[in-house]
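Data block below; observations after.
The values are calculated or read from the model by the stated rules, or taken from the named source; none is laboratory data. Computed from a predicted structure; not experimentally measured. Backbone-built Cβ (ideal geometry, glycine too); neighbour counts: all protein chains shown. Surface accessibility is based on the protein's heavy atoms, side chains included, excluding ligands, DNA and RNA. Shrake-Rupley method; radii C 1.70, N 1.55, O 1.52, S 1.80 Å.
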Amino acid sequence: MGRNRHLNQKKGGNLAQVQHVVLILSGKGGVGKSTLTTELALALRHSGKKVGILDVDLCGPSIPRMLSVGKPEVHQCDLGWVPVYTDAQKSLALMSIGFLLEDPDEAVVWRGPKKTALIGQFVSDVAWGELDVLLVDTPPGTSDEHLAVLENLKKQHKVDGAILITTPQAVSTGDVRREITFCKKTGLRILGIVENMSGFVCPHCSVSTPICMDTHTPSVLVANRSPVSFRLASCALFRWTQSSV
Amino acid sequence: MADIPSDAPQHCPGTASEQAGKTSACQGCPNQNLCSSGATKAPDPAIEEIAEKMLTVKHKILVLSGKGGVGKSTFSAHLAHALASDATKEVALLDVDICGPSIPRIMGLEGEQVHQSGSGWSPVYVEDNLAVMSIGFLLSSPDDAVIWRGPKKNGMIKQFLRDVDWGELDYLIVDTPPGTSDEHLSIVQYLSSARIDGAVIITTPQEVSLQDVRKEIRFCQKVQLPIIGVVENMSGFVCPKCKNTSQIFPPTTGGAERMCEEMNLTLLGRVPLDPRIGKSCDEGKSFLTEVPDSPAAAAYHSIVQSIQAYCLSHVPREESAG
């Protein structure tokens, strides 16, 4: 892979033909990062864009299941790993550790340095080709995976920014405020915040009930509570109400 | 010994790692020769120190899930409240989610600080018989982010186990972050000479959760951590208007019940999604006392009883007298 990396650097790297890179982040787990990444990718593809998803959640990779790609083989080419395409037109390209595991139930029990090394490879050694947008799905937190993906992306490519996902609960927004600090400290631009699970529409009576009683998301945006909030206030806040499945 | 020396380079694998002294990041590090010689891979003395400390803790329960957002912290907090409702029991809750510590908020302890005494760090008390420790108490602002790599998180967990003055406890509950990484390996490693009763695994009904939870179960099997059982959380939503139950997260692959059958595990119970649970957590109150008539409260009580029964029936013949 060393020789290929040298080849990549000469040609501008595997991200040279990727127009935009957007991270999907949340301090909190289970708020819908992978779900939103998937929906966003499908929406962008539907509008005619070529999209990639890089799944750097090594312990809990959800993207393969969400896109129902099963367990395809990952092949190599001169430039590195060939991403998994969801269709013959190659309009949606994926890379996840989920594709590299022999057994889907196998636990990836790795400490930070090993995770950092694989994420470095995911960033530089996947032959994405031409993409309009590369979405990066991340695990919850502000640790090895986040630092690794950001450091490696910055070496190769300008990162457009991050979309932060929260749910209305204070327990969620509390973690997301920490993620905002992470973005500020690492110089990562926040493109906007999505409040997921804003309500549940009962399939029996069609009444929308909040899953949690109050929303604490505005506290994330209040100017005097967060040093970056004056920019956040101008970002769109999307409320996503979950309809019955 | 698993720490990063202060003069180590940025991607130091840790002195106790198999790769100590051997990675590309080790080039030029002043400790490289020492690490690659294997001298740093001697057993961490903290393991025995922690075992000594844990002699006064009768039962240790880990709350795990491969998946985020399934209700580990909510469950851990309410398990602690339920066990501590017996005033004769001493209970403690340790939050090792270093990046996303939710326990201070859920226990109504936001803004509390930890104090040091001659016998170590004092945990924060919710009740006379319910103590809590979390990195949340060491942060000065709710916006403070803990942007740490694995080795530094491991060091914190070691301190929590070794340096907190827990005193005599009937139950120590450990709330964990999602995943199977540094925090999980460290908690198992540092408690390796102290007996862990077992793990309670939390999931929600949908396959996207179960696929991560199966990995967590494999992790437990790999590190020989007994599994007390599985809790299926958010198992149905009762509409407050029409009282019909809907599946927010449909168990398209059989939910936790089928997973438990396939993996020969105990399903401890199913907890329905009651919006008032989230509200209680946000307000730092116990849902069990705020909404005692909820079907979710009844489910929690039944699950807690099963966990207590497990702990009492699995005491080894000889407890180490130290």
Self-check item: Ellipsoid equivalent to region A:45-198 - semi-axes via the Cα gyration tensor, in Å
Solution: 25, 18, 17
Self-check item: Whether region A:94-169 is rounded, prolate or oblate, judged on the alpha carbon gyration tensor where a/c under 1.5 counts as rounded
Solution: rounded
Self-check item: Shielding score for B:210-222, defined as the mean number of other chain Cβ atoms within 10 Å
Solution: 4
Exercise. Would you please name the GluC sites (Glu not before Pro) within region B:142-238 that are DSSP coil residues with at most 11 other C-beta atoms within 10 Å of their C-beta?
Key: B:168
Self-check item: Accessible surface of chain B [probe 1.4 Å, protein heavy atoms]: carbon and sulfur percent
Solution: 48 percent
Exercise. For region A:99-168, run through the trypsin sites (Lys or Arg not before Pro) and keep only the ones in DSSP coil with at most 16 other Cβ atoms within 10 Å of their Cβ.
Key: A:158
Exercise. Taking a probe of 1.4 Å and counting only protein heavy atoms, give the total accessible area buried between chains B and A in Å², rounded to the nearest 100.
Key: 4800 Å²
Self-check item: Gyration tensor verdict on region B:65-114 (Cα atoms; rounded if a/c is under 1.5, prolate if a/b is larger than b/c, oblate otherwise)
Solution: oblate
Quiz item: What pairs from A:50/A:154; A:49/B:67; B:53/B:153 go past 26 Å between their alpha carbons?
Solution: A:49/B:67
Practice problem: Might you tell me the accessible area per residue for region A:71-218, computed with a 1.4 Å probe and given in Å²? | Solution: 36 Å²
Quiz item: Working from the pairwise distances between different alpha carbons, so that the mean of 1/r is found and then inverted, what is region B:62-201's Kirkwood radius in Å?
Solution: 15.1 Å
Quiz item: What whole-number value in Å² describes the accessible area per residue of chain B for a 1.4 Å probe?
Solution: 40 Å²
Quiz item: Once the Cα atoms of region B:227-316 are picked out, what are the Rg and Dmax in Å?
Solution: 14.7, 50
Self-check item: Surface accessible to a 1.4 Å probe, residue B:193 within the full protein complex, Å²
Solution: 60 Å²
Self-check item: Cα-centred dipole magnitude for the protein assembly as shown, charges only on beta-carbon of K, R (+1) and D, E (-1), debye, nearest 20
Solution: 1840 debye
Practice problem: Using a 1.4 angstrom probe on heavy atoms only, work out the carbon and sulfur share of the accessible area of region A:42-136 in %. | Solution: 49 percent
Quiz item: Roughly what would the spin-label model give for residue B:52 and residue B:110, points 7 Å off Cα along C-beta, in nm?
Solution: 4.0 nm
Self-check item: Area accessible to solvent at residue B:64, 1.4 Å probe radius, in Å²
Solution: 0 Å²
Quiz item: Which residues of region B:103-145 show a drop of at least 20 Å² in accessible area when all protein chains are present, compared with their chain alone (probe radius 1.4 Å, heavy atoms only, ligands and nucleic acids excluded)?
Solution: B:105, B:142, B:143, B:145
Quiz item: When you take every Cα atom in chain B, what is the radius of gyration, and what is Dmax, the widest Cα pair distance, in Å?
Solution: 20.3, 70
Quiz item: Mind checking the mean number of beta-carbon atoms from other chains within 10 Å of the Cβ atoms in A:161-170?
Solution: 2
Quiz prompt | Inter-part distance where region B:147-191 and region B:10-56 are each reduced to a Cα centre, Å | solution = 17 Å
Quiz item: Taking only the alpha carbons of the protein assembly as shown, what extent do you get along each of the three principal axes, in Å, biggest first?
Solution: 70, 69, 52
Quiz prompt | Vicinal HN-Hα couplings computed from phi for region A:157-166 (Karplus, 6.51 cos²θ - 1.76 cosθ + 1.60; Hz; Gly/Pro x) | solution = 7, 6, 8, 5, x, 10, 10, 9, 10, 9
Quiz item: Can you list residues whose amide H is under 5 Å from residue B:108's amide H, if they're 5+ apart or on another chain and H is modeled 1.01 Å from N?
Solution: B:284
Quiz item: What's the angle, to the nearest 10 degrees (0 to 90), between helix B:150-163's Cα axis and the longest principal axis of chain B?
Solution: 80 degrees
Practice problem: Return the whole-Å distance between the Cα centroid of region A:21-80 and the Cα centroid of region B:90-129. | Solution: 37 Å
Exercise. Determine which residues of region B:58-73 fall in the zone a paramagnetic label at residue B:119 would reach in this model, i.e. backbone nitrogen under 18 Å from the point 7 Å along Cα→Cβ.
Key: B:58-59
Self-check item: Values of log10 I(q)/I(0), in the order q = 0.15, 0.20, 0.25, 0.27 Å⁻¹, for region A:61-129 under a Debye, Cα-only, solvent-free model
Solution: -0.51, -0.91, -1.29, -1.39
Exercise. For region A:41-59, list whatever residues lose no less than 30 Å² of accessible surface once every protein chain is in place, relative to that chain by itself, with the probe at 1.4 Å.
Key: A:59
Self-check item: Hits among aspartates and glutamates - C-alpha to C-alpha of residue B:241 under 19 Å, sequence gap 8 or more where chains match
Solution: A:214, B:274, B:293
Quiz prompt | Loop-located chymotrypsin sites (Phe, Trp or Tyr not before Pro) in region A:86-160 whose Cβ has at most 15 other Cβ within 10 Å (DSSP) | solution = none
